[in-house]
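Structure first, then comments.
The values are calculated or read from the model by the stated rules, or taken from the named source; none is laboratory data. Just so it is clear, the structure is predicted and the values come from calculations on it, not from any experiment. Note: ideal-geometry Cβ built from the backbone for every residue, glycine included; neighbour counts use all protein chains shown.
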Amino acid sequence: MIKNDRWIKKQSLEKKMIEPFEDSQMRDGVISFGVSSFGYDLRVSDEFKIFTNVNNAIVDPKNFNPESFVDFKGPICIIPPNSFALARSVECFKIPRNAMTVCLGKSTYARCGIIVNVTPFEPEWECHVTLEISNTTPLPAKIYANEGLAQVLFFESPEEPETSYKDRKGKYQKQNGITLAKP
């Protein structure tokens with residue numbers, strides 16, 4: 001069952017499911033973030049890894065070359081045309097054992113040809129989220145740090161899973177900073 005703003009607020013305030021937590025939608029002059037009717041709009045931090053192919057590398061998820069990225073820190077990230085960047089969320093998440101999430105890019109960016117891809121947050125996964133931001137346009141694209149980038153939808157099960165992400169010792173559990181693909 002998808003969870004509403006009351007459930008999200010309760011989990012975040014009592015069990016620290018989202019930190020820092022905004023208990024209302026922040027919109028004044030920014031791309032919105034904070035709790036919404038049935039989800040939470042997370043913010044992108046000011047840390048980015050911008051993809052570059054100056055080394056003519058091959059993209060290999062089993063052996064991704066970290067030299068394929070340029071590190072950038074600042075209030076606005078420019079993603080080159082037909083390229084992508086990795087970033088991390090401002091918020092740290094602690095997903096309850098009987099819940100999971102689906103994360104979708106915000107429509108403000110999607111309407112500009114900017115796609116955000118994030119995998120689900122599994123039961124008992126925790127930490128900052130590594131975000132993939134694709135610029136599908138033939139033009140440079142701006143990403144605004146500390147503003148909304150994606151919406152997280154929460155689903156709760158009446159039963160806990162037999163094995164959680166934490167139990168499996170998932171490879172992205174408690175990841176530090178922007179985390180590249182791990183084999």
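Among the criteria (1) assigned to a loop (DSSP other than H, G, I, E, B); (2) under 16 Å from the mean Cα position of the chain (by Cα); (3) free of Cβ contacts under 8 Å to residues at least 60 places away in the same chain, the one Ile31 does not fulfil is (3). Taken over segment 34-70, residues that are over 18 Å from the mean Cα position of the chain (by Cα), assigned to a strand (DSSP E or B) and either within 20 Å of Gly148 (Cβ to Cβ) or charged (D, E, K, R) (or both) amount to 0. Screening Phe48, Phe64, Phe72 for residues that are buried (at least 18 other Cβ atoms within 10 Å of the Cβ) and either at positive phi or touching a residue at least 12 places away in the same chain (Cβ under 8 Å) (or both) leaves exactly one candidate, Phe48. When you look at Thr108, is it outside any loop (DSSP other than H, G, I, E, B) and either surrounded by fewer than 19 Cβ atoms within 10 Å (Cβ to Cβ) or in contact (Cβ under 8 Å) with a residue 40 or more places away in the chain (or both), yes or no? Criteria met by Thr108.
Which residue out of Glu147, Glu156, Glu162 is surrounded by fewer than 12 Cβ atoms within 10 Å (Cβ to Cβ), among the charged types (D, E, K, R) and at pLDDT 95 or above? Being surrounded by fewer than 12 Cβ atoms within 10 Å (Cβ to Cβ), among the charged types (D, E, K, R) and at pLDDT 95 or above holds for just one of Glu147, Glu156, Glu162, which is Glu162. Residues in segment 35-45 that are without any contact (Cβ under 8 Å) to a residue 60 or more places away in the chain and either surrounded by 18 or more Cβ atoms within 10 Å (Cβ to Cβ) or of a type outside the set (S, T, N, Q) (or both): Val35 alone.
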